[in-house]
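Working notes, beginning with the structure itself.
The values are calculated or read from the model by the stated rules, or taken from the named source; none is laboratory data. These figures come from a predicted structure and were not determined experimentally. Reconstructed Cβ throughout: ideal geometry from the backbone, glycine too, with neighbour counts over all protein chains shown. Keep in mind that these areas ignore ligands, DNA and RNA; they rest on the heavy atoms of the full protein, side chains included. Shrake-Rupley method; radii C 1.70, N 1.55, O 1.52, S 1.80 Å.
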Amino acid sequence: MPESSLVKDIHSSSTECRASPLRQFSQSSLPLHRNSYTLSTFCTEHNVQECLSHINQEMSSLGLPPVWTESASNSELNVVVVLNCMYDLIQLHRRGVRTLENMEVEQLKSSSNVDYLQLTSTRLKEQLELSKRENTGLLERERQLQLKVKSLQNLLKNEKEEVQKLQNIIASRASQYNHEMKRKEREFNKLKERLNQLLVDKKEKKQAIDVLNSIGRADGKRSLWKTEKTEAKHEGEMYKTLLSDYDTRQRELVLENAELRKVLQQMKKDMVSILSSRKQTLKGDKHEDCCIQADSEDEEEVFDSSTGSVDLYCVHAREKLTNSIRLQWRRLKSHVERLDSQASLAQIGESRNSDAVPRETHEEEMHRLKLEIQQCKDFIQTQQQLLQQLSSPCDEETASLLSDCFMLQEKERLREEWKTLEEQRKIFERERRNFTEAAIRLSHERKAFEEDRAMWLKHQFLNLSPFADSKKSQLSKSKSAFLIPAETQAGAGSAPEKLMKCPSDTTSPTHRCVPPTSPSTTDLCRTFCLISENSSTKPKTKTEHAEESSVFCNGNVPVQHKRWNNSKDHSSHTLTREKNSSI
Amino acid sequence: MNFSEVFKQTNQLCKVSPDGKYLVSGLPICTQTKYRLVVRDVSTLQILQLYTCLDQISHMEWSSDSLFILCAMYKRGLVQVWSLEQPDWHCKIDEGSIGLVSSRWSPDGRHILNTTEFHLRVTVWSLCTKAVSYIKYPKACQKGIDFSRDGCYMALAERRDCKDYVSVFVCDDWHLLRHFETETQDLAGLEWSPNGCVLAVWDSCLEYKVLLYSLDGRLLSTYSAYEWSLGVKSVTWSPSSQFLAIGSYDEKVRILNHITWKKITQFDHPAAINNTKAVVYKEVEKRPAVGSDDLSLHNITIGTTLFNTQSKYEICPLPVQIPVVKPDPDRANPKIGVSTLAFSSDSRYLATRNDNMTTVVWVWDMQKMNLEAVLEQTSAIRCFQWDPRRPRLALCTATTKLYLWSPAGCVSVQVPTEGGFQVQSLSWHCSGDSLILLGKEQLCLCYMDTDQDEK
């Protein structure tokens, strides 16, 4: 029964030490806690007093107010106090149970902890064992290695000694060999000498040259005797060649130097300009370093002194130049470094208040983007326009320009032609009028003539005998009747033809009306053709119109290009502005 | 690009005259004709002259005025000279029992300098006066004699009493102008600067030491990059006399300037090329794809090119690993280090070859002082030479192909001849319009398309 033991554990301090005679009650108090019906066994009617006193004792031992006081009344129990006690007891009990549970959990936890710790401790022990073993192994190995190292060092030492020995041997041998070689060479030389002597002395087979006839020198000159003069000449020539070589080299170097100096000067100028501009900006700046201020005076001096000194070749000037450049270079470097640090600082600052900035920048960005979109739209529009206008394939600028030229020329030409045509048409109109007038006159005349003839026939008829005359007159009449309609027919049929053809007739009187400036037949032909194809001129004019319109639109093109260019410029402007802004 | 027909030659003897008009080559030995020399017109390739020598020709050289041809027969100790203008004129110089190891023209073309066996002396023979003069104690070394570019002076390395000396002669009358001791252990070579004012002298490979002497014998400067390990392998002046390039056994080229004689820069030849702006051209061989219809009898009988591999250049993306041959450390003169240096005629480019990377030519830009291009061939490079007029490099690898590099790019050209013409060496014509290609027994001219390369 672990529970009881536990309870006992808890209450042992209070109950066991005090109420040893009442152990039985305390032992039985557990069922009291559990089952209320067992109370009867504890308290009967006979031992109420005892029970009360016992309870009282218990209560006081638990630090609760006594349930029953002897002084008040013997039999009556103070119900309120009892209830309070009960409540307190229940509270106590609950608390006890809770702590019990907690303790149990704690106990479990700690037991598992203990298990775990035991486990780990065993493992660690094992590890320790292992590492101990390893350690001993390593120590052993180290010992071995040290031994080895020692032996190797010994070997090395031996080897070094060996090497030294060998080197010595080599050196000695080399010197020996050198000596031997020299000896041999000397001997060899001696032998050579001897051989030479022998060969010279030997008469029977001498070296010889066999030339058919000797040839002239390559330069055509004769060979000269060797004299002091020739020697001097040779020396002179040698020095001349050397001198010329040095000359050329010097020239090259001078050129190179000049080039370098130029570069230096340029660099210096640039540096001066950069530094001076910086100085101006710095002067306005309040955070100017005092040391720079101190420098600036001699800086000025350097600028002034170095400007003219570049061309001077004396050592001092050169020194000055290089010094000034060095100084400026140092300054530039420090300046750049400072700028660098500033930039980095600014960057840091920017990154710090990057949260504050973005709204403005966003707005700006938006604005810019909107602008860009507008521009793009404009582009698209213009492009569409252009595409529409340039339905003809010549969409290139040059082509359009060329076609423009051609169109203008063509237009001019056509206009001129049109003018001449108009003139000629007028002339023809006049001629036609003349012709119609003439025809009218002719018909009038014919009428008159007809009347005359009728008169004459009547007259004849009246004059002749009635029989013979009538026959004759009838014949003649039939003849004339046959003739006249034919004639009239011919007249009617030929009149318009004549009208049309007369201009081609060179002898026509109307031709005189044509101005003398255009007498050539080809022109006439052309004009005739044009006139005869009067109906076909109409579409021509139409085409002309079309061309005109196209010319017009082509004429528009450059303007639009310009506009486009403008917009492009604009865009580039904006771009640069963007760049600026981004910078 | 056009190719002439193939002519026979022998012993790789083939030289174009300095004026670029004539081509002389040795004819192979036949039963009737012995040791013949044939002179052709370069433009028409027609035979102009035939000369018969006494023995097998070891060395052949044109005189500077293109009028005479020197033929040296070292075995017999003989020199024969032929005139182009007078075919019946002849000259024979017999060095006798003293022997002959080297023979050369003096710059005026009227004197012949013969070096005798054991370098006993240098004999100067005059063709004008038949006079003979001797210069004693010449040193047997890599490059013991050098004439200045203008032909005025001759520098000669000498060895007396175990010390190195340099003698400067005036070529005009062989007057000894200067004679000075050099601070070298064992002088290996000397070379005049192209302007003839500075003489570069270098020590043997045991010590890295380059000395620069003025014409008047003053020591201008001494340069040494490092000590102890093997040193200078090759030295070349730029045509502008502005740079002195020194190739050494440490696989580096060092460039000295002509004012302070200090090192401007050094060019390494790393086996792994990375992070440079250089273009790496790699020759890629590919056999032509043979279809079934190509295998007809007709093609096989006619096409010798069928069996030739085609090759082309590919630009390799960086990094590139270059094949390296590890030299045998136990043998003398290890095959490592920069042995060949050549400046282009305008001094703009420098071509180098590192001996342990035999298949690679390096081209350096002298203005930017960096690597311009790397040409990796499939086989070892035999010879390369710059065009005397343009920045254009021709190289050969003893294959049937000719390779050209220019700043614009790289090209590989098959020599279209029958019977596998393998280009062993090549030399430019002085006009830069054609190339003389030498095979083992043949020679062939290659004409450049002048208008094409102007594009």
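Summary of computed values
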| item | result |
| --- | --- |
| Meets criteria (over 22 Å from A:Ile215 (Cα atoms) and at pLDDT 90 or above) for B:His59 | yes |
| Residue ID - nearest to the other protein chains (Cβ to nearest Cβ), chosen from residues in the stretch B:102-137 that are aromatic (Phe, Trp, Tyr) and surrounded by fewer than 22 Cβ atoms within 10 Å (Cβ to Cβ) | B:Phe118 |
| Close pairs (7 angstrom Cβ cut-off, 6 or more residues apart or separate chains): within 8 Å of chain A (Cβ to nearest Cβ) and aliphatic (A, V, I, L, M) in the stretch B:85-101, open to solvent by 70 Å² or more (accessible area, probe 1.4 Å) and not in a loop (DSSP other than H, G, I, E, B) anywhere | B:Ile98/B:Glu117 |
| Residues located in the stretch A:192-232, provided they are hydrophobic (A, V, I, L, M, F, W, C), surrounded by 13 or more Cβ atoms within 10 Å (Cβ to Cβ) and either modelled with pLDDT of 85 or more or out of contact with any strand residue (DSSP E or B) (no Cβ under 7 Å at 6 or more places or on another chain) (or both) | A:Leu195, A:Leu199, A:Ile215, A:Ala218 |
| Qualifying positions in the stretch B:8-23 - open to solvent by less than 20 Å² (accessible area, probe 1.4 Å) and within 23 Å of B:Phe421 (Cα to Cα) | B:Gln9, B:Leu13, B:Cys14, B:Leu23 |
| B:Trp62 vs. criteria open to solvent by 10 Å² or more (accessible area, probe 1.4 Å), in contact with a Pro (Cβ under 8 Å, 6 or more places away or on another chain), of a type outside the set (S, T, N, Q) and in contact (Cβ under 8 Å) with a residue 40 or more places away in the chain | yes |
| Criterion violated by A:Ile274 - all others in (1) over 58 Å from the mean Cα position of the chain (by Cα); (2) touching a residue at least 12 places away in the same chain (Cβ under 8 Å) satisfied | (1) |
| Within the stretch B:197-301, strands (runs of 3 or more DSSP E) holding 1 or more residues that are modelled with pLDDT under 85 | B:279-286 |
| Out of B:Gln12, B:Gln56, B:Gln49, sole residue that is without any contact (Cβ under 8 Å) to a residue 60 or more places away in the chain, more than 14 Å from chain A (Cβ to nearest Cβ) and closer than 29 Å to B:Cys171 by Cβ | B:Gln49 |
| Scan of the stretch B:391-405 for residues that are polar (S, T, N, Q) and within 17 Å of the chain's Cα centre (by Cα), ordered by number | B:Thr397 |
| Restricting the stretch B:185-222 to residues that are more than 14 Å from chain A (Cβ to nearest Cβ) and over 25 Å from the mean Cα position of the chain (by Cα), the residue that is least open to solvent (accessible area, probe 1.4 Å) | B:Ser221 |
| Test: residue in the stretch A:424-435 that is among the hydrophobic types (A, V, I, L, M, F, W, C) and within 60 Å of the chain's Cα centre (by Cα) | no |
| Yes/no for B:Asn2 being open to solvent by 40 Å² or more (accessible area, probe 1.4 Å) and touching a residue at least 60 places away in the same chain (Cβ under 8 Å) | yes |
| Residues (open to solvent by 70 Å² or more (accessible area, probe 1.4 Å) and more than 8 Å from every other protein chain (Cβ to nearest Cβ)) located in the stretch A:234-246 | A:Lys240, A:Leu243, A:Tyr246 |
| Complete set of residues in the stretch B:138-166 that are among the charged types (D, E, K, R) and within 9 Å of chain A (Cβ to nearest Cβ) | B:Asp150, B:Arg159, B:Arg160, B:Asp161 |
| Residues that are within 9 Å of chain A (Cβ to nearest Cβ), open to solvent by less than 10 Å² (accessible area, probe 1.4 Å) and not in a strand (DSSP E or B), drawn from the stretch B:65-84 | B:Gly77 |
| Unique residue being under 27 Å from B:Val6 (Cα atoms) and surrounded by 17 or more Cβ atoms within 10 Å (Cβ to Cβ) when the list is B:Leu435, B:Leu375 | B:Leu435 |
| Condition check for B:Ile93: open to solvent by less than 30 Å² (accessible area, probe 1.4 Å), of a type in the set (Val, Ile, Thr) and in contact with a Gly (Cβ under 8 Å, 6 or more places away or on another chain) | no |
